[in-house]
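Asks: One structure coming up, written as structure tokens, with questions to follow.
Read-outs: derived from the displayed coordinates by stated rules, not from any lab. Since the model is a prediction, treat every value here as computed from it, not as a measurement. Cβ atoms come from the backbone with ideal geometry, glycine included; neighbour counts cover every protein chain shown.
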Amino acid sequence: MKRIYLLFFCIILSLNIIKAQIDVDETGTYLVTQKTGKPFFWLGDTAWELFHRLNRNESVCYLNTRQKQGFNVVMAVALAEQNGINQPNYYGDKPFINLETLEWDVTTGSNYKVENDYDYWDHVDFVVKEAAKRNIYIGLLPTWGDKVAHNGGYGPILFTNKEKAYTYAHKLAERYKNNWNIIWILGGDRSVIYEKNGKKYDDRPVWRAMAKAIEDVYNKDVFITYHPSWPETSVYLNDEEWLDMNALQSSHGSRTIEPWVTIANDLKKKPQRPVMDLEPCYEDHPVNPWDNKWTRKDRGYFNDYDVRARIYRGVFAGGCGAVYGHHQIWQFTDTTRNAPIWVGDTIIGWEKALNAKAARQIHHLKDLMVSLKDFNRVEDSSLVLSDLGSDYTDRIVATRNQNSTYALIYLPQPKEIKVDLDKLRKGIKSVYWFNPVTGRTKRIGRFRSGVQAFTPPSIGQKDWVLKIELK
């Protein structure tokens, strides 16, 4: 009889696996949780080297901090960019025994206190489970793009054909199919179609094989997106059925990038998918350090204002979520272990960087968005009758829901703004100033209709959000 009960329990358990992932709503413009169907605002942190460079205690410290700061997604790479194949992790382990066959280096046990019992994949398991305890999704990249593409990086190129790609991704998906908090992200800062040394490459068959392997494990009931390089978006993958969300990377090469334009354009593509900037400028990243002409005086670093000004406008243009990154967090800078990467003239260290300004501020955007009546919204800067601005320094971006019962307007400069309230549904509107640094709101008043002028508070701060709600 006990065996019958056990078998029944196992059957019930098998019917409930692979749930609580995220999904796309019926409009194709925003995300929902698969378990509840409620709108989901992706607030991600960039932790590419998490599995590769941190130990267990450090991983818990990192996750605890990000949980307190309101992040609900952490993006990390199974086969890391920074020599993640040949340089062992903190515990001296590598992912593979044989790079030709891609045989996994696994042990029979998983006790980290027992020498030679805790392997590379056991450590990935640990981090995934600890994230789940804190209600954090892991945006899992099976590999960084340099293990596929021929356009630079540590490598080595491991996935030379679609068979290898399929076998590896299938095994990885099987390992994590019962973990509710996995979001699959292919790519890893690489184009799918490119040219190198006069030769043209098309890596779509390899990425397609990985996607098919994941879908085969999940019976296609799985969310997959792709992390591209700049300036490409997922346009080259637009016809791929496995792709659930379009993405871009506005990156760290310039302050002049305007991802809100790209997001608005990508939302017009068919089939319609949600869109998000998966890699905006990182806080404390030197602006374009790669040509060896960087100086603090001439280019400087992206600061918390740069981060907010890019991310808020991307979301208000229709982005379904936001991703934050700190330049010394993604690589987990610790000069006692690894040389710092493109840090300009400043070493911060990952533990101190955990509490950088924008890291403590960006959750206010998530809080603002989830406080709204619904997520079914569009970019509509026609609400603004004053000058919208001409470039990244002053461009105003506005969003409203389809029912026209609320609107949000991001002002990158503290200047008076004129708004046509008649663009929204008839009725009394409550209007507020929302401070993206503190998350506090200041009520302006109640208005019924017409063109109204609003001036941001004078407290020495650049950016503000005007919030309008029909009551």
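Asks: What net charge is computed for the residues neighbouring PRO274, neighbours being all others with C-beta under 11 Å from the C-beta of PRO274, Lys and Arg scored +1, Asp and Glu -1?
Replies: Around PRO274, the surrounding residues sum to -3.
Asks: Another one. Rounded, prolate or oblate: which one fits the range 27-370, using the alpha carbon gyration tensor with axes a ≥ b ≥ c (rounded when a/c is under 1.5, else prolate when a/b beats b/c, else oblate)?
Replies: Cα axes put the range 27-370 in the rounded bin.
Asks: Right, here's the next one. Can you give me the Cα centroid spacing of the range 214-235 and the range 452-468 in angstrom?
Replies: 38 Å
Asks: Sort ASP25, ASP291 so the one with the fewest other Cβ atoms within 10 Å of its own Cβ comes first. Walk me through the numbers on the way to the answer.
Replies: Values: ASP25 18, ASP291 7.
Fewest to most other Cβ atoms nearby, the residues stand as ASP291, ASP25.
Asks: What net charge is computed for the residues neighbouring LEU158, neighbours being all others with C-beta under 15 Å from the C-beta of LEU158, Lys and Arg scored +1, Asp and Glu -1? Provide the component values of the computation, followed by the final result.
Replies: On the way: positive: LYS94, LYS147, LYS162, LYS164, LYS171, ARG190; negative: GLU81, GLU100, GLU103, ASP105, ASP146, GLU163, ASP203.
The answer is -1.
Asks: Mind sorting HIS364, HIS327, HIS123 by how few other Cβ atoms lie within 10 Å of their own Cβ, fewest first?
Replies: With the fewest neighbours first, HIS364, HIS327, HIS123 line up as HIS364, HIS123, HIS327.
Asks: Let me ask another. Determine, for LEU278, LEU140, LEU421, the number of other Cβ atoms within 10 Å of each Cβ, and report the residues in order from fewest to most.
Replies: Ascending number of Cβ neighbours within 10 Å: LEU421, LEU140, LEU278.
Asks: At 0.36 nm per residue, and after removing the present C-alpha to C-alpha distance, how many nm does the segment from GLU195 to THR438 gain when stretched out fully?
Replies: Extending this stretch completely gives an extra 82.9 nm.
Asks: Lys and Arg at +1, Asp and Glu at -1: add these up for the other residues within a Cβ distance under 13 Å of HIS326 and post the number. Write out the running numbers ahead of the final one.
Replies: Values: positive: ARG66, LYS352, LYS357, ARG360; negative: ASP45, GLU49, GLU279, GLU283, ASP284, ASP304, ASP306, GLU351.
Value of the local net charge: -4.
Asks: Counting other Cβ atoms within 10 Å of each Cβ, which GluC sites (Glu not before Pro) in the range 17-120 have at most 10 and sit in a DSSP loop?
Replies: The qualifying sites are GLU26, GLU100, GLU115.
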